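Notes for the one structure printed next.
The values are calculated or read from the model by the stated rules, or taken from the named source; none is laboratory data. All of these numbers come straight from a predicted model, not from anything done at the bench. Reconstructed Cβ throughout: ideal geometry from the backbone, glycine too, with neighbour counts over all protein chains shown. Remember, those area values only see protein heavy atoms, side chains included, never the ligands or the DNA or RNA. Shrake-Rupley method; radii C 1.70, N 1.55, O 1.52, S 1.80 Å.
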Amino acid sequence: MEIRRDVFQAIADPTRRAILSLVAIQAMTPGAIAANFDSSRQTISKHIQILTECELLKQAQNGREIYYHLNPKKMKDVSDFIEPFRQMWEDRFNKLETIMKNYKDII
């Protein structure tokens, strides 16, 4: 049975977001990733597994080592989905800023 993970549940976790930030800079082994956290290596491995199942991370083998790197295509899919919401909130904040400036000028 194949487990289907939700990408947004995966990125909701701060540790998984930190892992994504680390591997966005360079591909890393699980041990190198785990060295950046106070959690156990098993806990970090579970986070990596979830990110891999969501296709946010890809793995590549180099000799005996497995390296994880960011999957830019999947990240672009997430970004494309979020973009209309970002624009909507940016427009709302810009309108609020205009109202606040006008209110400040009245007082």
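Taken together, 53, 90 contain a single residue that is of a type in the set (Asp, Glu) and surrounded by fewer than 15 Cβ atoms within 10 Å (Cβ to Cβ), which is 90. Here residue 17 clears all of (1) open to solvent by 80 Å² or more (accessible area, probe 1.4 Å); (2) over 11 Å from the mean Cα position of the chain (by Cα) except the condition numbered (2). If you go through the range 64-92 and keep only what is hydrophobic (A, V, I, L, M, F, W, C) and more than 14 Å from residue 20 (Cβ to Cβ), you end up with 66, 81, 82, 85, 88, 89. Taking helices (runs of 4 or more DSSP H) as the structural unit, those lying wholly within the range 1-81 and holding at least 2 residues that are touching a Leu at 6+ places or on another chain (Cβ under 7 Å) and not polar (S, T, N, Q) correspond to 7-12, 14-25, 41-53.
So for the range 1-15 (the condition being modelled with pLDDT under 90 and among the hydrophobic types (A, V, I, L, M, F, W, C)), does at least one residue qualify?
There is at least one residue in the range 1-15 that is modelled with pLDDT under 90 and among the hydrophobic types (A, V, I, L, M, F, W, C).
Within the range 63-86, does at least one residue satisfy the condition of being within 15 Å of the chain's Cα centre (by Cα), surrounded by 11 or more Cβ atoms within 10 Å (Cβ to Cβ) and among the aromatic types (Phe, Trp, Tyr)? Yes, that holds for at least one residue.
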